[in-house]
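Data first, discussion second: the structure below is written as structure tokens.
The values are calculated or read from the model by the stated rules, or taken from the named source; none is laboratory data. It should be emphasised that the depicted structure is a prediction, and the values quoted were computed from it without experimental measurement. For neighbour counting, all protein chains shown are included, and Cβ atoms are generated from backbone atoms with ideal geometry for every residue, glycine included. When the accessible area is computed, the model is the full protein with side chains, heavy atoms only, and any ligands, DNA or RNA have been set aside. Shrake-Rupley method; radii C 1.70, N 1.55, O 1.52, S 1.80 Å.
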Amino acid sequence: MKFTKMHGIGNDYVYVNCFEETVENPERVSEFISDRHFGIGADGLVLIMPSDKADFRMRMFNADGSEGMMCGNATRCIGKYVYDNRLTDKTELTLETKSGIKHLKLFVRDGLVETVEVDMGKAVLKPADIPMLDDGDVFVDRTIEVNGRKYRATAVSMGNPHCVIFTDGIDSLNLEEIGPHFENHRLFPERVNTEFCEIIDSHTIKMRVWERGSGETWACGTGACASAVAAVMCGHSNRDEEITLRLRGGELAITYKSDGTVLMRGSATKVFDGEIDLQ
């Protein structure tokens, strides 16, 4: 199987061009290639596929083999891949994901894509649609108990479920210990991604993320979007103003617009091409 290793500010995936390759049992393949000791090493597997609804289609699989709805960092990398590899000459294109059609704007320098802006669609705040086992209209700055400790949480879906916690001292948090308790919390029937955020100022937020199925990753695009939305909902930031999310792998620029849509802008980087025997 030929592949390309790429990352969006440290959120790394193995990308396969399914216009040329066929991947049997992608769940098993993702689990194998993601292993950082015995495989290639990645947060998961992304398949770039034909679509009858958009310019391209993506399927993404977490490191544990579970299929995700979408990945913000992966959408940017796909934009870079299809343009740099001449699968398209468009600088504005559409991408089919399991959470709907995403619109990408590519920023090109010397014939290669450097950054990508993604219209991530509208943030979902109704708990039943996240999904979350709560019958309110929103779940904003509410108390939840996780492994015997109480936290203030805000729930947002960006096509996948997120639980955002605003707290101080996130660098000292033991995510390996607390992350699984959030991921498998009873309020989230499909598990949840959890963002731990520290407010620097109204335009700057520091963030760490525990992703369902992958553990702590260096970046999460949908998580950064959810965190910006939560910051606005909790009164830390303002709509229609760009918010810089500082993640372990780098920075993303997020804008939560008045119409409810979320824009994400950030880099996409190719690491290397390769070929692996899956037998």
If you scan segment 226-248, which residues turn out to be under 15 Å from Cys197 (Cα atoms), touching a strand residue (DSSP E or B) at 6+ places or on another chain (Cβ under 7 Å) and open to solvent by 30 Å² or more (accessible area, probe 1.4 Å)?
Met233, Cys234, His236, Thr244, Arg246, Arg248
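Table: residues versus (1) crowded, with 17+ Cβ neighbours inside 10 Å; (2) farther than 23 Å from Ile9 by Cα; (3) under 20 Å from the mean Cα position of the chain (by Cα).
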residue	(1), (2), (3)
Val156	yes, no, yes
Asn174	no, no, no
Glu177	no, yes, no
Phe188	yes, yes, yes
Within segment 249-279, track down each residue that is farther than 30 Å from Thr22 by Cβ, modelled with pLDDT of 95 or more and not in a strand (DSSP E or B).
Lys257, Ser258, Asp259, Gly260
Every pair of residues 6+ apart whose Cβ atoms lie under 6 Å, when the first sits in segment 238-259 and is under 14 Å from Asp119 (Cβ atoms) while the second is surrounded by fewer than 16 Cβ atoms within 10 Å (Cβ to Cβ)
Ala253/Glu242; Thr255/Glu242; Tyr256/Arg239; Lys257/Asp240
Take the residues in segment 1-23 that are within 20 Å of Thr88 (Cα to Cα) and part of a loop (DSSP other than H, G, I, E, B); name whichever of them is nearest to the chain's Cα centre (by Cα).
Cys18
Determine whether segment 138-146 contains at least one residue that is farther than 23 Å from Arg208 by Cβ and touching a Pro at 6+ places or on another chain (Cβ under 8 Å).
yes
Matching entry among Val146, Val113, Val108 (being open to solvent by less than 10 Å² (accessible area, probe 1.4 Å), over 19 Å from Thr261 (Cβ atoms) and more than 21 Å from the chain's Cα centre (by Cα)):
Val146
Segment 24-58, subset in a loop (DSSP other than H, G, I, E, B) and surrounded by 14 or more Cβ atoms within 10 Å (Cβ to Cβ), residue nearest to the chain's Cα centre (by Cα)
Asp43
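For segment 76-181, give me every one of the strands (runs of 3 or more DSSP E) that falls completely inside it and has 3 or more residues that are of a type in the set (Gly, Ala, Ser) and at pLDDT 95 or above.
Details: elements: 92-97, 100-109, 112-122, 142-146, 149-157, 161-166.
Strands (runs of 3 or more DSSP E) meeting the threshold: 149-157.
Kindly establish whether Cys220 is of a type outside the set (Phe, Trp, Tyr), more than 13 Å from the chain's Cα centre (by Cα) and surrounded by 13 or more Cβ atoms within 10 Å (Cβ to Cβ). Before the answer, list the steps.
Numbers: of a type outside the set (Phe, Trp, Tyr): yes; more than 13 Å from the chain's Cα centre (by Cα): no; surrounded by 13 or more Cβ atoms within 10 Å (Cβ to Cβ): yes.
Spelling it out, it is not the case that Cys220 is of a type outside the set (Phe, Trp, Tyr), more than 13 Å from the chain's Cα centre (by Cα) and surrounded by 13 or more Cβ atoms within 10 Å (Cβ to Cβ).
One line per residue, one yes/no per condition, for (1) under 19 Å from Ala219 (Cα atoms); (2) without any contact (Cβ under 8 Å) to a residue 60 or more places away in the chain:
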position	(1), (2)
Met70	yes, no
Lys98	no, no
Val140	no, no
His162	yes, no
Gly169	yes, yes
Ser172	yes, yes
Subset of segment 59-72, residues in contact with an Asp or Glu (Cβ under 9 Å, 6 or more places away or on another chain) and either open to solvent by 40 Å² or more (accessible area, probe 1.4 Å) or under 22 Å from Val108 (Cα atoms) (or both), comes to Arg59, Asp64, Glu67, Cys71
Suppose we filter Thr143, Thr194, Thr217 for residues that are farther than 23 Å from Gly44 by Cβ and either aliphatic (A, V, I, L, M) or in contact with a strand residue (DSSP E or B) (Cβ under 6 Å, 6 or more places away or on another chain) (or both); which single one remains?
Thr143
